[in-house]
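Every read-out reported here was derived from the displayed coordinates using simple, explicitly stated rules and does not represent laboratory data. Given the structure is predicted, the values throughout are model-derived calculations rather than measurements. Please note: Cβ atoms are built from the backbone with ideal geometry, for glycine as well, and neighbour counts cover all protein chains shown.
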Amino acid sequence: MASVEFTSLAGGTVLVAHAVWIVWVILGVFWTRNRPLLTWFHIASLVWGIVVELGPWECPLTLLEQFFKMRVGVNRYQGGFIVHCLDEIVYPDLPRPLVAWVGAGICGVNLIIYAHRYWKQRRVDLQQYR
């Protein structure tokens, strides 16, 4: 019984970590201003998000969550975490590819914000050296 409880707790922990990761990917741009190391980590997170959403691979957190669910006897769902949760809770009538493209689009918008910050800072730096 303790093994089932531990496995269930581990699965729940992975689920919460996955939700936190998604919030980080979507909103991390707001926490990275003037934090170069955090900025580069967030940019890498955005690229990872785009690759996982549009590529044929599943997120390792999704696979780990599904592993724990199978260990406690819960049926494994098809598709990724975002597709499963957001598609059923927030966007129940949207096709899965659309949800994936919207996720990738959100990552793209974040990258555009970073590009804007970079060029704005570059202009300021160039004006200072004139």
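Things worth noting here:
- The stretch between residue 4 and residue 112 holds 34.4 nm of extra length on full extension. This uses 0.36 nm per residue minus the Cα-Cα distance.
- The order of 118, 129, going from fewest to most other C-beta atoms within 10 Å of their C-beta, is 129, 118.
- Rounded, prolate or oblate (a/c below 1.5 giving rounded, otherwise prolate when a/b exceeds b/c) for segment 1-51 by Cα gyration tensor: prolate
- Integer Hz, Karplus 6.51/-1.76/1.60 couplings in order for segment 117-130, x for Gly and Pro: 4, 4, 5, 5, 5, 5, 4, 4, 4, 5, 5, 5, 8, 7
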